[in-house]
Structures are given as C-alpha cells and as structure tokens.
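Visitor: The structure under discussion is supplied below as structure tokens; questions concerning it will follow.
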Amino acid sequence: MSRAFAHQEVVVRRGSRSELPLIVAVHSRELGPAAGGCRLRRYDTWQDGLADALRLSEAMTYKAAVAGLDFGGGKSVIALDRETELTADLRQAALEDLGELVASFQGSYRAGPDVGTGPEDMAVLRRFSPHAYCAPEEHGGIGSSGGPTATGVLAALRAGARHVFGDASCTGRRVIISGFGSVGSGIAAGLAAEGAHVAVSDVDQSRKDVALASGYGWVEPEQALSAPADVLVPAAIGGVLSESTVPRLTAPLIVGPANNQLTEDSVADALADRGIVWIPDYVASAGGVVYVLSREAEGYSHEAAHERVETIGETVTQVLDLARSTGTTPLRTAQQIAEHRLTTAPTHNA
C-alpha cells in the first residue's frame, strides 16, 4: 500500500496557544477533499504522532475509496508527551489551535472525532471551520458516529458469516468482542438481539460489571484471541494480529472496527494460510465515515445515509467473492478495488 512518500500534503505546526505539536496529514485528494478524524493522545515523541498521522491518513484514503465515497484520506493529531498534564485549559487551547489549522485548509481537509476527542471537541473546531463534523446537534452537527460504525460492522459481519458459514444469521454462534467501548457495545447489542452468544473483553476491568449486567459473557483480555469462538471482533486498539498471535486464533471469521489490526500486510497471508477469513478493517469500519460524510458533507437524510451504511455488506461480499475466485487475500482484493478507483476516477485535488 505504501510508497516512499505518497502523501500530498503534511503540515506540522506548534500551536500558538498550547505550544503543542499539531499535525495534519493529507494522503490523497484524488477522489475529493480529504477527510479523517482528529486524534489527541500521548506519544513518546512528536515524531511518533507524525507517523501515526501518516499511517492513518493513508488508511482513510483506502477506506473512502472502497466505500465508494468521493473523498480522500486525511488525519490530524495533537501530540501530547508523556509528562505534560492535560488540563482543561490546555485541552481547550490545543483544540482552538487545531481549529485554526483546519480552517486554513479551506475545506480541502475535513475533520471529525477520533481517539481522544469527541463531539464536544468538534464544537470547538467548528467555531473556526464548518468542516468539523460530529459536533452535538445544538452546535450544528450530528453527534457521535459510533452507532453508524457499529451498524456497518454488523453488515460486514453478516456478509462474512454468509461467506464462511453459508448463513448470514449469527443465531447460536459464539462471538468474542475485544473492546467494549461505544462501538463494541453497539455491536454486542446488535448481535445479542440476533441470538448470538456474545462474550466481551476489555482492558478496563470496570467494563466487566457492565458486560455481565447486560447479559454478556466476559473473557479476560489476554485470552480474547485464543478463547473458542466462531467470530472474533477486534474493537479496541490496532496491531492485535501479528505473526505471533495468528497461531493462537480459533475463530474462522475475524471482522471488527479497530483500525490497523495487522502489524504488517504479510499477516493477511498468514491468516489465509490458516483458513481464517479476515475482513480488512478499513472496509468493516467505514460505517461512521460513510454516515457522517453523507449527512454533513452531502446532505443525505438520516434514512438515506443509513441505507448507504448497510451497503458495506455488499462491498464485503464483493471483496470476499473476488478474493476466493482469484486466490488472493481479502486485503489485496480490497486494495485493488481502492487503487482502481484512485487511478481511474477524474482527479479532484480539492
């Protein structure tokens, strides 16, 4: 997927208010304006934050292209070091700095929430630019995109189940969800309603009581990959699938919203060699992006945007059928679909 330097534009700036490193990476505008979330997190060095922005913006390009969106890939990062205390005043200053930076792109980069930020933070950015999405409704946005993301994963999961088990229904199947946050809990609720046996896992032990009270099983984090399951749903951090973890897997189907689940692309081959069907994360997790851009950038109604999210199931079927017929991995097939769009669509470079 990567070339030596494939990004179209990268801006690194020290915030005038916060004095924190701010990064906006635009990987591609070939299909339209770049879009991608704002990440606020701690790093060992600001260069690690830059690497995160470069990697995630590239993934956003592929996510939008495979989903059929007329948008490119971008990402913004507020890089906090390990020692600095993130006070309310510093957080506000950093968001205002980022809002000013997003505004300087004049719509060629569109921001939304990501790790460490949420709708209220987008309301701060929106004071500087209308191209900050998912602010609360009272601030002109649509709020959290967690629900549509979960809806898209469920559509991808049903398509994957039909491919692997011959039946899209998850009734009676054991599903382990690794990560019980807002998206993971939405996926759990949807699967339980369909009659699946849901067990969840989270590094935050306080989530255990919530899970058990909701009627779900609980799996300790260190056992989430190896516990017997029909379906594994990575819904927390990335980098969980590696050459060392693949031999421990038991589920024949893996599909979830966590970004960058593979430590490297070659892990897709290791999964295929074990007969495990892995749906590329940027395909399965596109529901939130599809819904938000449909609503806030393209003016779709809630119903129309929701229907568009459901088409992720059709995309997954296309990817898996083509991978099976050509003998390639789903990852390579999804990459080929994205690259075809990127190289054949009229360029926007917005």
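The values are calculated or read from the model by the stated rules, or taken from the named source; none is laboratory data. Everything numeric in this text was worked out from a predicted model, so none of it was measured. Heads up, the Cβs are rebuilt from the backbone with ideal geometry, glycines too, and the neighbour counts pull from every protein chain shown.
Visitor: If you scan segment 113-144, which residues turn out to be under 26 Å from THR315 (Cα atoms) and surrounded by 24 or more Cβ atoms within 10 Å (Cβ to Cβ)?
Guide: Within segment 113-144, PRO113, TYR133, CYS134 qualify.
Visitor: Filter the strands (runs of 3 or more DSSP E) completely within segment 156-241 down to those with at least 1 residues that are of a type outside the set (Ser, Thr, Tyr) and modelled with pLDDT under 95.
Guide: none
Matching residues to (1) in contact (Cβ under 8 Å) with a residue 12 or more places away in the chain; (2) crowded, with 24+ Cβ neighbours inside 10 Å; (3) hydroxyl-bearing (Ser, Thr, Tyr):
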site	(1), (2), (3)
GLU9	yes, no, no
ARG13	yes, no, no
ASP44	yes, no, no
LYS63	yes, yes, no
SER108	yes, no, yes
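Visitor: Follow-up question, since we're still on this one. Given the conditions (1) in a loop (DSSP other than H, G, I, E, B); (2) in contact with a Phe, Trp or Tyr (Cβ under 9 Å, 6 or more places away or on another chain), report the number of the one that SER144 does not fulfil.
Guide: In the conditions (1) in a loop (DSSP other than H, G, I, E, B); (2) in contact with a Phe, Trp or Tyr (Cβ under 9 Å, 6 or more places away or on another chain), SER144 misses (2) alone.
Visitor: Is one or more of the residues making up segment 48-56 in contact with a Gly (Cβ under 6 Å, 6 or more places away or on another chain) and either surrounded by 21 or more Cβ atoms within 10 Å (Cβ to Cβ) or under 24 Å from TYR291 (Cα atoms) (or both)? If you could, list the steps in order and put the result at the bottom.
Guide: Initial filter on segment 48-56 (in contact with a Gly (Cβ under 6 Å, 6 or more places away or on another chain)): none.
Within segment 48-56, not a single residue is in contact with a Gly (Cβ under 6 Å, 6 or more places away or on another chain) and either surrounded by 21 or more Cβ atoms within 10 Å (Cβ to Cβ) or under 24 Å from TYR291 (Cα atoms) (or both).
Visitor: Something else: Can we say ALA192 is within 30 Å of ASP269 (Cβ to Cβ) and either among the acidic types (Asp, Glu) or surrounded by 14 or more Cβ atoms within 10 Å (Cβ to Cβ) (or both)?
Guide: No; evaluated as a whole, the condition is false for this residue.
Visitor: Could I ask something else about it? Select, from ALA135, ALA93, ALA103, ALA111, the only residue that is in a loop (DSSP other than H, G, I, E, B) and either modelled with pLDDT of 95 or more or touching a Ser or Thr at 6+ places or on another chain (Cβ under 9 Å) (or both).
Guide: Only one candidate qualifies: ALA135.
Visitor: Okay, next question. If ALA199 meets every condition in (1) surrounded by fewer than 16 Cβ atoms within 10 Å (Cβ to Cβ); (2) farther than 22 Å from GLY118 by Cβ; (3) more than 17 Å from the chain's Cα centre (by Cα) apart from one, which number is that one?
Guide: For ALA199, the exception is condition (1).
Visitor: List the residue pairs whose Cβ atoms are under 9 Å apart, where the first residue sits in segment 243-270 and is surrounded by 19 or more Cβ atoms within 10 Å (Cβ to Cβ), the second is hydroxyl-bearing (Ser, Thr, Tyr) and assigned to a strand (DSSP E or B), and the two are 6 or more positions apart or on different chains.
Guide: GLY256/SER178; ALA258/SER178
Visitor: On the given criteria, is GLU296 surrounded by fewer than 17 Cβ atoms within 10 Å (Cβ to Cβ) and charged (D, E, K, R)?
Guide: no
Visitor: Filter segment 311-350 down to the residues that are in contact (Cβ under 8 Å) with a residue 24 or more places away in the chain and of a type in the set (Gly, Ala, Ser), then identify the one that is surrounded by the most Cβ atoms within 10 Å (Cβ to Cβ).
Guide: ALA334
Visitor: Just the residues that are among the small types (Gly, Ala, Ser), without any contact (Cβ under 8 Å) to a residue 60 or more places away in the chain and more than 16 Å from ALA132 (Cβ to Cβ), please, taken from segment 78-99. Can you show your working first?
Guide: First pass over segment 78-99, keeping only residues among the small types (Gly, Ala, Ser): 79, 88, 93-94, 99.
In the following step, the residues that additionally are without any contact (Cβ under 8 Å) to a residue 60 or more places away in the chain were identified as 79, 88, 99.
If the condition is that a residue be among the small types (Gly, Ala, Ser), without any contact (Cβ under 8 Å) to a residue 60 or more places away in the chain and more than 16 Å from ALA132 (Cβ to Cβ), then ALA79, ALA88 are the ones that fit.
Visitor: Could you list, in sequence order, all residues of segment 286-308 that are free of Cβ contacts under 8 Å to residues at least 40 places away in the same chain and among the hydroxyl-bearing types (Ser, Thr, Tyr)?
Guide: The answer is SER294, TYR300, SER301.
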